[in-house]
């Protein structure tokens, strides 16, 4: 009886736990993102800027900052190609 009660308690606690948080993606292929803090502690990231100056103009007067998009696909620099084996 005691084991069944403990098992039931474990199941109830597990089922009442909140679900996983939704992850926000860094979208697009723009090199600069705007991270904005919202009331209540939330943040929002929007990657739609082509330059830091463009992002800073949008961030002016808001609780926001500009950052480099870590997932942007940059063209590979011209140079030596890998040597065939």
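The values are calculated or read from the model by the stated rules, or taken from the named source; none is laboratory data. Nothing here was measured: the structure is a model prediction, and the numbers come from that model. All Cβ positions, even for glycine, are placed from backbone atoms using ideal geometry, and neighbour counts span all protein chains on display.
Residue check: residue 10 meets all listed conditions (1) at pLDDT 70 or above; (2) surrounded by 10 or more Cβ atoms within 10 Å (Cβ to Cβ) but one, namely (1). Each residue in region 52-70 was checked for being closer than 12 Å to residue 29 by Cα and touching a strand residue (DSSP E or B) at 6+ places or on another chain (Cβ under 8 Å), and 2 pass.
Name the residue, out of 17, 60, that is farther than 17 Å from residue 71 by Cβ, exposed (fewer than 10 other Cβ atoms within 10 Å of the Cβ) and at pLDDT 90 or above.
On the way: 17 fails: at pLDDT 90 or above.
One residue alone meets the criteria, 60.
Restricting region 38-57 to residues that are assigned to a strand (DSSP E or B) and within 16 Å of residue 71 (Cβ to Cβ), the residue that is nearest to the chain's Cα centre (by Cα) is 45.
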